[in-house]
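Quick notes on the structure that follows.
The values are calculated or read from the model by the stated rules, or taken from the named source; none is laboratory data. These numbers come from a predicted model, not from an experiment. For neighbour counting, all protein chains shown are included, and Cβ atoms are generated from backbone atoms with ideal geometry for every residue, glycine included. Just the protein is used for accessible areas: all its heavy atoms, side chains included, with ligands, DNA and RNA removed. Shrake-Rupley method; radii C 1.70, N 1.55, O 1.52, S 1.80 Å.
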Amino acid sequence: MDAPPLAVTTDEGIATFSPEQLRAMRDEFQRFLLDYQFALREVETKLGILRDEFQLMHDYNPIEHLSSRVKSADSLVEKVVRKGIDPSFASIRAHITDIAGVRVTTSFTKDAYRLFDLLTQQDDVTVREVKDYIAEPKANGYKSLHAIVEVPVFLSTGRVSVAVEVQFRTIAMDFWASLEHKIYYKYDGAVPDGLLAELKDAADSAALLDARMERLHGELHGQRPGPLRAV
Ligand code: 0O2
């Protein structure tokens with residue numbers, strides 16, 4: 001027996017969808033996300049090759065951790081509504097550039113910049129936007145280097161160019177950001193002033209730790225020590 005149609009309330013009134021229509025919508029959404037999953041694989045492969053090459057040629061691994069995700073449906077819908085974007089696939093594809101996201105966690109700040117350069121200089125990678133929150137941290141103390149890049153994905157139907165947001169940050173920056181993220185959600189964005197001040201203080205401490213570890217690492221490898229300065 002066929003399942004009954006599903007009624008959904010919209011701005012225009014009540015719309016009904018048959019099970020076939022719902023399945024077609026689900027398939028279309030999954031197909032939309034597939035390009036982003038493929039693009040993530042491309043970027044992960046590029047970064048994995050750089051990591052393995054560094055390890056082999058220089059006996060040094062600049063990448064502590066590599067993670068990736070396709071934005072959840074809930075988070076995507078929330079962003080479409082918050083930014084007032086037309087909810088068509090074409091418009092979402094054009095305006096939301098962090099549907100595919102890769103996070104590269106490095107030991108040192110200079111490795112974050114080095115990996116950014118090595119990835120973005122590849123001739124099949126197009127840089128759409130860069131936000132350098134390491135050079136210019138956000139007021140709350142958030143530091144990270146963000147790049148929106150486009151990479152080609154080769155499908156049976158031809159080549160498509162897909163946007164991926166790549167975030168480069170040190171372990172200390174990552175530690176801070178993941179705690180701040182949890183606190184922000186716990187307080188639903190309304191974090192008490194005292195806690196905000198403590199978080200900013202902790203971000204400054206993390207920056208000093210980064211500078212200190214990088215200096216020690218430099219000394220270990222024969223570089224002359226410079227003044228201790230948070231980047
Ligand atoms: P998730 O779970 O990582 O996907 P937006 O802030 O999204 O409206 P835009 O221009 O896309 O606008 O933001 P931006 O500055 O490039 O930052 C996007 C991502 O950077 C966020 O993704 C976070 O991952 C991270 N980020 C930016 N600012 C902060 C911050 O103050 N604290 C922390 N912990 N992370 C930050 P999403 O979509 O918020 O979340």
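Observations, loosely collected:
- Annotation: peptides 30-38, 158-166, 145-153, ranked by per-residue average of other Cβ atoms within 10 Å with the highest first, follow the order 145-153, 158-166, 30-38.
- Rounded to whole Hz, the Karplus (6.51, -1.76, 1.60) HN-Hα couplings of the range 49-63, x for glycine and proline: 5, 4, 4, 5, 5, 4, 4, 6, 7, 10, 6, 8, 10, x, 9
- Partners for K143 among lysines (Cα-Cα distance below 23 Å; same-chain residues under 8 apart left out): K71, K79, K110, K131, K182, K186, K200
- Taking the protein heavy atoms of the range 17-171 in the context of the full set of protein chains, the accessible area attributed to carbon and sulfur is 52 percent at 1.4 Å.
- Across the range 67-149, the relative contact order, built from alpha-carbon pairs under 8 Å that are at least six residues apart, equals 24 percent.
- Whole-number accessible area per residue in Å² for the range 17-171, which is evaluated in the context of all protein chains at 1.4 Å: 54 Å²
- For the range 92-192: relative contact order, % (alpha-carbon pairs under 8 angstrom, 6 or more apart): 32 percent
- Mean-position separation - Cα centroids, the range 1-72 and the range 125-179, in angstrom: 17 Å
- Extending 7 Å from the Cα toward the beta-carbon at both R128 and F175 defines two label points whose distance is 3.4 nm.
- Ordering of 129-141, 74-86 by packing [mean C-beta count within 10 Å, highest first]: 129-141, 74-86
- Estimated purely from DSSP H runs of n ≥ 4, each contributing -39500 (n - 2.57), the mean residue ellipticity at 222 nm for the chain is -16500 deg cm²/dmol once divided by its residues.
- Peptides 184-192, 104-112 ranked from most to least packed give 104-112, 184-192, packing being the mean of other C-beta atoms within 10 angstrom over each peptide's residues.
- The charge dipole of the chain, taken about its Cα centre with unit charges on the Cβ atoms of Lys, Arg (+1), Asp and Glu (-1) only, comes to about 360 debye.
- Derived scalar couplings ³J(HN,Hα) [the range 117-122; Karplus, 6.51 cos²θ - 1.76 cosθ + 1.60; whole Hz; x for Gly, Pro]: 4, 5, 6, 6, 7, 5
- 3J(HN,Hα) from dihedral phi, the range 185-196, Karplus parametrisation 6.51/-1.76/1.60, rounded to Hz, x for glycine, proline: 6, 4, 8, 6, x, 9, 6, x, 3, x, 5, 4
- Taking the range 17-171 and dividing mean pair separation by its residue count, relative contact order in percent (alpha carbons under 8 Å, at least six apart): 26 percent
- Loop-located chymotrypsin sites (Phe, Trp or Tyr not before Pro) in the range 52-106 (DSSP state other than H, G, I, E, B) with a sparse environment of at most 13 neighbouring Cβ atoms within 10 Å: Y60.
- Length gained on full extension, I14 to E198, computed as 0.36 nm times the residue gap minus the Cα-Cα distance: 61.3 nm.
- For the range 135-197, the convex hull spanned by the alpha carbon atoms encloses 131 Å³ per residue.
- Taken over the chain, the convex hull of the Cα atoms encloses 173 Å³ per residue.
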